[in-house]
Every structure is written in structure tokens, then in C-alpha cells.
Amino acid sequence: DAICNFVICNDSSLRSQPIIFNPDFFVEKLRHEKPEVFTELVVSNITRLIDLPGAELAQLMGEEDPKLPGANSTASGFFRSLMSLKRKEKGVVFGSPLTEEGIAQVSQLIEYLHKNLRAEGLFRVPGNSIRQQILKDALNSGTDIDLDSGEFHSNDVATLLKMFLGELPEPLLTHKHFHAHLKIADLTLFDEKGNKTSTPDKERQIEALQLLFLILPAPNRSLLKLLLDLLYQTAKKQDKNKMSAHNLALMFAPHILWPRNVTANDLQENITKLNNGVTFMIKHSQKLFKAPVYIRECARLHYLGSRAHTSKDDLDLLASSGSKELQPLKSQKRSRLDSCHQEETQQRTEEALKELFLHVHNMPDSAKKKKLIRQFNKHPAALTPGSDVPTSPAPRRTRSRSFSGLIKRKVLGTPVILERKSRDSTPEPVRVSKENVQLLQKCGSPAHMSQAKLKSLEGQKEGSCRRMRARLLSKDSSSL
């Protein structure tokens, strides 16, 4: 389950470079390796946010041709024939389907505009048509262009960028996504009674756009990111260029979102929604190209062998039930590393103890050696290295026999043996001497008695013996 590998870099100049971590790594991996699984995962969450009927859902999935407004009108037929005539003379970049090569050429225009965002009326004021044609031919031929030479104006470059987007065979956001964008514009908040309000639900709109951008073709998504970032930076300098996000949306909505071969009359019912949608994209462009957290989690679980969940609701439900499936494997890997480290440390400790014990065992006999051996014996059996080295058993200390103890054994016979209680506190039977059996029978006690009772009986017997001994001594003294 090791997904990430450690790479050792020997180049000292590269070690100081920051490490780039892509949180969408598994998302991109799933998109390229299993596009069908990825599309099903994303579309299932799109339909959770917006209501797409069967026909519109089939168009989004590419199963049916998109039905666009004004497709059957005579005006649309005229525009379609006109655009087809223009595309007969298409070059490598302009008028051709979007490719990585075309994006590489157009990115030169975007980089130049990033340096010249203060021009007033940028993207609104047209440039010089002659200079634009020269620049267009250079881009189509693939020759190197020095835009910083001063030969071209920023308005020339901005107008040429709009021209490139307008001559694409289909809008940058594709025909398949047209109806989905109309539904996203209708996402509004609900009041306490569950009724729709006129306030846009920005969080749901951002989430829906994030999902919709995930299933765009890779070239379209790459160029869209470059373009929205440029428009976002342009709107930030509207005090200089007089171009707000809404003004920029009016300039670019017909090129990136409107269907091809349609007029403004065909879109009169939805033209405000489309323009507002592009305005929203420009304002929130820095958030729209990040996959939602639950999509990242599903993609990660898909490659880690766990059960992948297909919607945010499944993940929320699973998290509320306290399931262990979504726990990050990072903690499990850390616990395994900690256990391995502990085992290695314990093994080294045992080896060091064994070496130390051998050194102590080879020392000459002395009080210091005996003291060290006693300290070794205090260690647990798992850490005591004495098992490998034969050592002489320590002699048991014999208890001293006092004079009073000898008198008691002579007079009373075999003493009562009281066993210590075991660790599990199980009582053991107490053995009594033959001479005490008669005394116990007289008292009516059972053979197994408590220690306190036996001590009292022994005390009584010892007292009677002392009195008898005193009488004998008194008789002997009187006879003398």
C-alpha cells in the first residue's frame, strides 16, 4: 500500500527547491487511467446538485447530440454555412480543433497580456487589423514571435485572443455542457420553509462548476484555466483598465459559452443567465479548478483498495456512523513504523545488556561484582541476559534458631505450619500437629481453621504449660 516513494536527490542545487504536493493527484490518475469510472463518479454528484432530465443528462454524457436553441432556424443555417467556409482555410491554430500545440501558441498571447493589464479598454477596444493579420499568420505557421519588441499593441493581442476563441469549432465550455450551465445559474438559496429565494447559492454553484470542469476535455480545461486567470487579474486592475468582471464577461461569453451558429435573439431568454455565469466564473476562478474534497477521497480510496463511494452523501453518512474505512492510512503506516522502531530499539537494548552482563561475569570476584549481579537479577526475565551465561545459584539463607524456639519445639512438639497465601489469594489447608488434634476436637472445631483461631489455641496451650512448669518448680523447691 505504499503509494508515495522517497527519492534521494544528490544534486545540492535542487535540494533547496520547495516540494510540490498535488492534492488532486489521485483525481488526475483516475481521470487518465479509468475515464469511465471517473465520469460516472463526477456526473453522479452533478445530478445531486442540479436537476438534469434524461435527455440533458444523455447530452452531458455524450450519448446524444446536444439540442441547442435556434438549431432549426434559417439564420442559424446561414451562419453555419458561413463558418464552414471560414474553416476551409483553417491553419494550425486558428479555426482548428483545440490541441496542445494550439494552446502552446496562444499561451504566448496570454503571457504578454499579463504584463500589460493597465491598458484602458483592454479586450473592448479593437486593435489594428493589419498587425493582427501579421500576428495571426505567424502563430499559424509556428514561427517564433517577439511580442515585447514593441511591434504589436496590447489591444492587437487582446483582440486576436478573442478571435482565436471565436473561431474554435465549438465553444470552450463545449456544447454538451450548455444546459448544465443554465441549471447552475438557477441555483439559489432556500428559506426556512423550504421555498426558493432569489439569492444565488454561491457555494453550490462553485461546487457544481468544479465538478463540471473536471469532465471537460483536457485541452479545453487547460486553456480555460489560463483564460479565467487572465480575466481575474484584469478585473483586479479595473481602476486602470476600466474593465470589471461583468464587462469582461460581456466580451467573452459569446466566445466561450454561447453555442455556435446562434444569434442573440435565439438566446434572449437565457442571455442574462449566460453573462452572469461567466461573471461568476471570473470572480471565483481561483476556486473552480480544485476537485471537491469528497471526489479526492473517493479517488484515493479507489487506488488504496478500499470501497469507493460515489457521492458526498455516502461519505457524510459514513463519517457520522463512525466507520473506520475513511481513516487515513497515514496513521496506520505511522503506527507500523513506530512498532518497528520499538522492536529495533528493544533488540539493541538486549544486545547491550548481554554484552554488559558478560563483562560483569568475567570480572574478578568482589563485592562490587556481587552488587552488579544482584542488580541484573532485578530485571524482568525478557531483558535478563543471564540465561545465555551459566551462573552459580545463589545460596539460600538459613533462618537462625533462637533458644525460645527450641524450648517451644521441645515442649509443644511439631509446630503449626502456616503457609503463606498465594498471589491469587486462594486459601490453603492448615496442617496441625498430632498433639493439637485432641485439643481441637475438644473445642469442636473442624480440621481446617483460620489462622487467628489457631493462634489463640496455641496461646492457651502455651499458657497452661507455663503454669504446670511453675507448679513443678515450686514443688521441687519445697522438697529441697
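Cβ-Cβ contacts under 8 Å between residues 6 or more apart (or on different chains), taken from a first residue in the range 136-152 that is farther than 14 Å from ILE103 by Cα to a second residue that is hydroxyl-bearing (Ser, Thr, Tyr), are listed as LEU147/TYR112; ASP148/TYR112. Can GLU64 be described as of a type in the set (Asp, Glu) and modelled with pLDDT of 90 or more? The answer is no for GLU64.
Every residue in the range 134-151 that is open to solvent by less than 40 Å² (accessible area, probe 1.4 Å), of a type in the set (A, V, I, L, M, F, W, C) and part of a helix (DSSP H, G or I), please. Full working, then the answer.
Our first condition is that a residue be open to solvent by less than 40 Å² (accessible area, probe 1.4 Å); within the range 134-151, this holds for 135-136, 138-140, 145, 147.
Narrowing the set further to residues that are of a type in the set (A, V, I, L, M, F, W, C) leaves 135, 138-139, 145, 147.
Of everything in the range 134-151, those that are open to solvent by less than 40 Å² (accessible area, probe 1.4 Å), of a type in the set (A, V, I, L, M, F, W, C) and part of a helix (DSSP H, G or I) turn out to be LEU135, ALA138, LEU139, LEU147.
Within the range 152-203, the only residue that satisfies the criterion of being modelled with pLDDT of 90 or more, polar (S, T, N, Q), more than 28 Å from GLY54 (Cβ to Cβ) and not in a helix (DSSP H, G or I) is THR199.
For the range 28-55, the set of residues classified as open to solvent by 40 Å² or more (accessible area, probe 1.4 Å) and among the hydrophobic types (A, V, I, L, M, F, W, C) consists of VAL37, ALA55, listed by residue number. For the range 239-259, filtering for residues that are basic (Lys, Arg) and either touching a Lys or Arg at 6+ places or on another chain (Cβ under 7 Å) or surrounded by 16 or more Cβ atoms within 10 Å (Cβ to Cβ) (or both) leaves 1.
Has the range 124-133 got any residue that is at pLDDT 90 or above, closer than 22 Å to THR99 by Cα, more than 45 Å from the chain's Cα centre (by Cα) and open to solvent by 30 Å² or more (accessible area, probe 1.4 Å)?
From the range 124-133, those at pLDDT 90 or above are 124-126, 128-133; that's our starting set.
Narrowing further to those that are closer than 22 Å to THR99 by Cα: 132-133.
This time we only want the ones that are more than 45 Å from the chain's Cα centre (by Cα), so: 132-133.
From what's left, open to solvent by 30 Å² or more (accessible area, probe 1.4 Å): 133.
Yes, the range 124-133 has at least one match.
When the helices (runs of 4 or more DSSP H) confined to the range 212-270 are screened for residues that are among the charged types (D, E, K, R), those reaching at least 2 such residues are found at 218-236, 238-241. Within the range 167-180, being in contact with a Lys or Arg (Cβ under 9 Å, 6 or more places away or on another chain) and open to solvent by 10 Å² or more (accessible area, probe 1.4 Å) holds for GLU167, PRO169, GLU170, HIS175, HIS179. Scanning the range 271-287 for residues that are assigned to a loop (DSSP other than H, G, I, E, B) and surrounded by 19 or more Cβ atoms within 10 Å (Cβ to Cβ) yields a total of 1.
The values are calculated or read from the model by the stated rules, or taken from the named source; none is laboratory data. Fair warning: this is a prediction, and the values are worked out from it, not measured in the lab. In this analysis, Cβ positions are derived from the backbone assuming ideal geometry, glycine residues included, and neighbour counts consider all displayed protein chains. Keep in mind that these areas ignore ligands, DNA and RNA; they rest on the heavy atoms of the full protein, side chains included. Shrake-Rupley method; radii C 1.70, N 1.55, O 1.52, S 1.80 Å.
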